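A short worksheet on the structure shown next.
The values are calculated or read from the model by the stated rules, or taken from the named source; none is laboratory data. Everything quoted here is computed from the prediction, not taken from an experiment. Positions of Cβ are backbone-derived with ideal geometry, glycine not excepted, and every protein chain shown enters the neighbour counts. With ligands, DNA and RNA removed, areas are computed over all heavy atoms of the protein, side chains included. Shrake-Rupley method; radii C 1.70, N 1.55, O 1.52, S 1.80 Å.
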Amino acid sequence: MVPGDLVGLLCRLLAQCLQKPPTAEPGTLLKPADRTRPPGRVRHAFKQMDLNRSGGLTLEELKAGMAKELGVEELAPHVFQAMEYQFLAHADDREDGVKVLTAKVFSRYYCEVLFRHFDKNNNGVLELAEVHEALKFLVKPDADGNQVMPVIVFPSEYCRLDGEVKLPISWFWESMCSSFVLLSVSTVVVPARPPLPLALGMRDACAAAFGVNSRPEPEEAAAVACAVIAALHTATSSSVVERPEALPKQGEYIFSADTPFAGRFACIEPFALAGDPLAAQTLGLLLFSGVGGCSSDLRASAKWHAASAAQGNLDALAVLGGCIRRGSGVEQDEAMGRAIIEATAAAGSPVGLCKLGVMLDEGQCGMTQDSWAAARCFEAAAAQASALGQFNWGWALVHGIGVRRDVRRGIEQWVQAMKQAPLDGSEEAAFYLYEERSKIDDPALYDAIRPTACLRLAASLELDLAIERLARAEERRKTKQVVEAFRKPRKGPRFTRDDKARQWTAKDQRAAEFLDALDG
């Protein structure tokens with residue numbers, strides 16, 4: 001393990017070399033709201049504004065009520081303008097000719113007003129500081145009356161490398177509905193942090209501690225990672241220096257098309273030994289499963305993931321976190337493993353997002369079980385064209401886990417993942433395209449996918465389930481051929497029984513062949 005004085009040195013080093021960290025703090029998400037009716041806060045607000053209990057709100061009642069709801073004396077002019085426009089678009093006429101907004105459309109109207117109110121510069125999107133204020137307004141206080149700022153999954157298309165976000169009204173509408181059940185004991189850490197500080201911090205800290213392109217022990221690399229993560233949380237904007245550097249290599253090694261699956265280990269081992277972080281990451285994956293021409297070695301696997309993580313590969317760091325959490329080839333430390341996985345997920349690592357999603361979906365490592373939040377993590381990973389993310393997001397879609405069931409979209413995600421073979425996740429995607437083939441109700445799609453070919457691909461990637469299933473399928477095929485051979489009618493000679501001659505029948509022929517087979 002890294003000694004305590006070295007941890008202090010790393011923290012001081014990081015204060016000098018890390019980029020400006022984002023200001024967002026981790027929060028948690030318990031579960032999505034009940035979409036079958038408006039959130040409780042919205043229903044309460046409508047009742048408070050509908051003083052005469054008429055079932056509808058006039059524009060004047062809305063203006064006065066929303067100002068009171070938001071705790072301001074008067075709403076900004078651009079908010080008033082939006083309120084009037086939305087009111088005219090959605091209000092109904094009462095019998096007396098007065099226009100009113102009913103409870104049926106009030107939820108969306110409420111969302112529009114909140115969005116315009118917190119969009120202080122009226123540029124049509126919420127930036128990071130604005131969205132934090134909006135979500136802080138919506139979050140439920142804890143038992144002591146404290147409101148904790150939540151952090152929610154920010155889709156990658158709305159995020160910039162420097163950590164700033166540009167969130168439209170469509171995103172805010174979805175998040176607002178979920179935010180009514182946000183609690184201060186939340187369990188989700190969201191990818192709102194740019195990846196560069198963590199990647200560069202890990203690379204530079206390991207270089208300072210162990211040397212450039214070093215291969216530290218997994219426990220040592222994990223301890224350094226925790227020091228880096230702690231420094232990122234405690235560093236301030238005045239204590240860091242901007243570093244316009246490129247992101248270190250991320251992900252897995254990409255094999256050439258002519259590389260045989262069984263020869264992957266021999267192909268990349270020289271590159272890993274030469275210090276290639278992508279080759280080191282892939283080597284660790286192969287050693288974990290014992291595929292690609294090598295035997296399973298959990299300790300060696302963890303060491304190669306540590307070597308890749310030491311060069312700033314966040315996917316490798318996420319896998320190392322998983323090894324630490326489970327005690328796979330290393331000394332187990334659930335808290336440390338969870339912290340590393342959460343940090344890599346917050347930095348947007350597809351592998352980190354997938355591992356966090358699994359923990360959430362299964363309620364592991366002290367987390368509250370939350371399929372909805374898990375699906376958001378898988379979706380964010382799939383959006384980065386990660387084969388592992390596409391497999392997990394496809395699984396959620398096919399089975400309706402944390403998201404509305406959409407088999408076709410899920411199948412399409414699996415197809416995209418399978419096309420990236422042999423990257424991690426492609427073998428499982430190929431297998432489940434075969435296993436879930438009965439769910440493909442489009443004949444053209446079924447023919448295009450060719451489920452049996454998918455099974456053979458998964459087996460060639462040495463997925464145990466696929467090898468077993470393929471062996472059973474081959475056995476059934478052979479049995480079917482034998483049965484068909486017995487059923488085939490054949491002509492035979494006449495024979496005599498009980499002094500009576502009769503024609504040799506197909507039934508007699510099959511019985512004779514069956515007895516011959518037994519004798520043989």
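A simple spin-label model places pseudo-atoms 7 Å from Cα toward Cβ; at residue 214 and residue 465 they are separated by 4.0 nm. Could you pull out the pairs from 303/355; 419/480; 99/136 whose alpha carbons sit more than 27 Å apart here? The pairs that break the limit, which is 27 Å between Cα atoms, are 419/480; 99/136.
From the protein chains alone at 1.4 Å, what is the descending order of accessible area for 90, 132, 78, largest first?
Details: 90 85, 132 10, 78 40 Å².
Ranked from most to least accessible, the order is 90, 78, 132.
Considering only C-alpha atoms, what is the centroid distance from the range 420-462 to the range 375-392, in Å? Computed from Cα coordinates, the inter-centre distance equals 18 Å.
Stretched out straight at 0.36 nm per residue, the stretch from residue 404 to residue 52 would grow longer than its current Cα-Cα span by 122.8 nm.
Using heavy atoms of the protein chains and a probe of 1.4 Å, the accessible area assigned to residue 254 is about 120 Å².
When ranked by the protection proxy of mean other Cβ atoms within 10 Å per residue, highest first, what sequence do the peptides 410-416, 201-207, 68-74, 352-358 form?
Ranked by mean Cβ neighbours within 10 Å, highest first: 352-358, 201-207, 410-416, 68-74.
When the accessible area of the range 387-486 is split by element with a 1.4 Å probe, what percent falls to carbon and sulfur? In the range 387-486, the share of accessible area belonging to carbon and sulfur is 50 percent. Across the range 105-119, the residues whose backbone nitrogen lies under 17 Å from the label position 7 Å along the beta-carbon direction of residue 85 are 108-119.
Between residue 412 and residue 296, the C-beta separation translates, for a Förster distance of 41 Å, into a calculated FRET efficiency of about 0.80. Among 417, 400, 438, pick out the residue whose Cα is farthest towards the positive end of the charge dipole of the range 387-486, where Lys and Arg carry +1 and Asp and Glu carry -1 on C-beta, about the Cα centre. Of the options given, the answer is 438.
Fraction of C-alpha pairs exceeding 16 angstrom in the range 244-283: 37 percent, rounded to a whole number. Counting Lys and Arg as +1 and Asp and Glu as -1 over every other residue whose Cβ lies under 10 Å from the Cβ of residue 388, the net charge comes to -3. Multiplying the residue separation of residue 133 and residue 78 by 0.36 nm and subtracting their alpha-carbon distance yields 18.0 nm. Under a model in which nothing but the beta-carbon of Lys, Arg (+1) and Asp, Glu (-1) is charged, the range 387-486 shows a dipole of about 280 debye around its Cα centre. Contact order for the range 387-486, expressed relative to its length and based on alpha carbon pairs under 8 Å spaced 6+ residues apart, stands at 20 percent. The calculated FRET efficiency for residue 480 paired with residue 332, based on their beta-carbon distance and R0 = 35 Å, is about 0.15. Computing FRET efficiency as 1/(1 + (r/R0)^6) for residue 445 and residue 96, where r is the C-beta to C-beta distance and R0 is 60 Å, gives about 0.60. Residue by residue, the range 198-214 carries 3J(HN,Hα) couplings of 5, 5, 5, x, 5, 5, 6, 5, 5, 5, 5, 7, 10, x, 5, 6, 7 Hz when phi is fed to the Karplus relation 6.51 cos²θ - 1.76 cosθ + 1.60 (θ = phi - 60°); x denotes Gly or Pro. Per-peptide packing, taken as the mean over residues of other Cβ atoms within 10 Å, places 305-311, 419-425 in the sequence 305-311, 419-425 from highest down.
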